[in-house]
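Beneath this line is the structure, given in structure tokens, with notes to follow.
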Amino acid sequence: MVYCVWRVETTERVIASSYDPNDNKGPMVRGLRRFVGETVSKLVVTAPAGDLMLQFTNDKNLRVFCDHTIAAGRGTNWCFFDRMAGFAIAVDSGGRIHTEKCYADPRLRGPK
């Protein structure tokens, strides 16, 4: 879940951002559809705010810019839940990173 501004890009151009129109034929939806079926090849979280960059195997990136700050009194910038592994990670205002265990769904693990 992303609660702050983000951008989809290649090394050569910006494809879409959180400020683009989100109608079904708009640039936001078209840009996000490019990630369907793709695999994350690299994940980077940077200080001081906890910005996130997800690099995908199709040479596209999703960049998340944590703009919820302590001064603004806002909460979570982004969070990720891995139900298979049973953990969650979140970056709150001011770049505070939180990790915790969450419910692991054994149905997601597949056959033994």
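If the condition is being on the phi > 0 side of the Ramachandran plot and in a strand (DSSP E or B), then the range 1-51 contributes no residue at all. Please go through the range 1-48 and pick out each residue that is modelled with pLDDT under 90, among the basic types (Lys, Arg) and surrounded by 13 or more Cβ atoms within 10 Å (Cβ to Cβ). Selection gives Arg30, Arg34. Selection over the range 67-112 of residues that are at pLDDT 80 or above, in a loop (DSSP other than H, G, I, E, B) and in contact with a His (Cβ under 6 Å, 6 or more places away or on another chain) gives a count of 1. Might you check whether a residue that is under 20 Å from Thr99 (Cα atoms) and in contact (Cβ under 8 Å) with a residue 12 or more places away in the chain occurs anywhere in the range 3-18? Yes; the residues of the range 3-18 include at least one that is under 20 Å from Thr99 (Cα atoms) and in contact (Cβ under 8 Å) with a residue 12 or more places away in the chain.
The values are calculated or read from the model by the stated rules, or taken from the named source; none is laboratory data. Here the structure is a predicted model, which means the values were calculated and not measured. Heads up, the Cβs are rebuilt from the backbone with ideal geometry, glycines too, and the neighbour counts pull from every protein chain shown.
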